[in-house]
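Input: a single structure, listed below in structure tokens.
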Amino acid sequence: MRNLQARTVLAAHGIMNLSRAQRVQQLGCEDRLQSLLPDTVRVNVPKVASTRRPQNKPKMGQHFLASEEYAARVVDALGDVSQCTVLEIGPGRGVLTSLLARRARRLIAVELDRVLAAQLRLKFGMDRNVEVIEADVLAIDFDSLFGPKPGLSRPGIDLKPQPVKVVGNLPYYITSDILLRLFKYSKYFESIVIMVQREVADRIAAEPGGRDYGMLSATAQLYARVENLFTLPPAAFVPPPKVHSSVLRLTIDPQQEKLGVAGDGFIDFLRLSFGQKRKTLWNNLKIEYDGPELKRALAEAKVKPTARAETLSLEESAAVFRALRKAERAS
């Protein structure tokens, strides 16, 4: 191969027809002739392409699940999906998607990254049960996606939305935003299986009284039964993160009616209660409520003013909220 390349270089310099002695004299020496050749053989490679490509780096904090063993365990956590619609959030390179495409009746994969979305469309273009949506899951109108379609809401037709199962590998910095979005539209969902940073998973599943219990814990447990299933090592992802991840299963089971706090007001109340974690419940709530009114409500709910929000169960928080609302109606 290099002899052929050498002859090509000589021809390019117009000295192919010279004798060997003449060629060496004109070029200086055979070593100089060899220096005209490229260092590596390049076959069908454009000049703009590099023979050394950098390692793929994640965008937006992405760490892609690469372990097929753990992928199977995650999909198994969804249960039987043969007659279900599955919403996959952040499919990335499609490890979970490949398994779900073979099991789910309908799979909707929502990917924000344009390149990854295009690659997924190519990979699953022949799978009629797979739909790839290039979008931010926080901006998707779930009413349009899963709600009744035009023409089907006529008198005498009562079509209930089919429960959807959700699965995804969530970036830690928007885990709360995504969960709150899913809870807002919880009427469409049956269960949610997510991979999150282990510390975040511990907060979501935390019990009242512990230091991990907070706004995220209370909100998640207001809408769902939370199970911490298993932990994944960094080696299960590419590139490996610096932390472990955990898989949670949230079975949708809203508690608002049972607690007597239906409506959006209770979420705002919880947000106020957990506003300053080092402060007592009294100091957090007095920002919005008058002292005498707050004192009566806490006494009625049998909650001490010195208590902190993280020590209260959902039932106790709901009792305080109901007492305050009753006082507002009476005034």
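Only the coordinates and a few stated rules stand behind these numbers; no lab work does. Values in this document were obtained by computation on a predicted structure and should not be read as measured data. Cβ placement follows ideal geometry from the backbone for every residue including glycine, while neighbour counts extend to all protein chains displayed.
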Q: Using only the alpha-carbon atoms of the range 79-123, report the extent along each of the three principal axes, biggest first, to the nearest angstrom.
A: 31, 16, 13
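If you count the DSSP beta bridges with both ends in the range 64-254, what percent of them are antiparallel, to the nearest 5?
45 percent
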Q) How big is the range 261-330 in terms of Cα radius of gyration and Dmax, in angstroms? A) 10.7, 32
(Q) Loop-only GluC sites (Glu not before Pro) in the range 265-331, please: DSSP not H, G, I, E or B, and at most 14 other Cβ atoms within 10 Å. (A) GLU288
Q. When averaged across all projection directions, what area in nm² does the alpha-carbon convex hull of the range 64-254 cover?
A. 11.5 nm²
Q: Could you give the size of the charge dipole of the range 261-330 about its Cα centre, using +1 on the Cβ of each K and R and -1 on the Cβ of each D and E, expressed in debye and rounded to the nearest 20?
A: 260 debye
Q.
Using only alpha-carbon positions, what ratio does the radius of gyration of the range 172-223 give when scaled by 2.2 N^0.38 Å?
A. 1.10
Q) Mind checking which aspartates and glutamates have their C-alpha under 13 Å from LYS302, skipping anything on the same chain fewer than 8 residues away? A) GLU315, GLU316
